[in-house]
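Could you have a look at this structure, given as structure tokens, before my questions?
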Amino acid sequence: MHHARTQREYQWIEQFGAGRRANMPGYAGLEVWDWNAHSLSETAVAIAGSVLVALVVSHYAADREN
């Protein structure tokens, strides 16, 4: 994900930011409609993994309370 976001940031800086990162709004690298399929799938896997870990931790925490 980081590579695609970084590339998108550089593209934005060149096209709209007059060559300066300071001119770029914080959301510009997060415009997911401009990401490629690899970046989207990588992000989806990371989110799914995070949710899975949260569910497992919640399940074990609930078991310890009983």
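Tell me whether the chain comes out rounded, prolate or oblate; compute the Cα gyration tensor, take square roots of the eigenvalues as a ≥ b ≥ c, and use a/c under 1.5 as the rounded threshold. Working shown, then result.
Values: a/c = 5.49, a/b = 2.80, b/c = 1.96.
The shape class here is prolate.
While we're looking at this one, here's another question. Take the solvent-accessible surface of the protein heavy atoms, probe 1.4 Å, and return the percent of it on the chain that carbon and sulfur atoms account for. Don't skip to the answer; put the middle values down first.
Working: 3140 of 5190 Å².
Summing carbon and sulfur atoms, their accessible area is 60 percent of the total for the chain.
Further, regarding this structure: Grab the DSSP H runs of the chain that are 4 residues or longer, score each as -39,500 (n - 2.57), total them, divide by all residues and round the 222 nm result to the nearest 500 deg cm²/dmol. Walk me through the numbers on the way to the answer.
Details: 2 runs with 44 residues, N = 66.
So the calculated ellipticity at 222 nm is -23500 deg cm²/dmol.
Whole-Hz ³J(HN,Hα) for each residue in the stretch 41-46, computed from phi via Karplus 6.51 cos²θ - 1.76 cosθ + 1.60 with θ = phi - 60°, x for glycine and proline: what do you get?
5, 4, 5, 4, 5, 5
The values are calculated or read from the model by the stated rules, or taken from the named source; none is laboratory data. Quantities reported herein were computed from a predicted structural model and do not represent experimental measurements. Quick note on the areas: whole protein, heavy atoms, side chains included, nothing else; ligands and nucleic acids left out. Shrake-Rupley method; radii C 1.70, N 1.55, O 1.52, S 1.80 Å.
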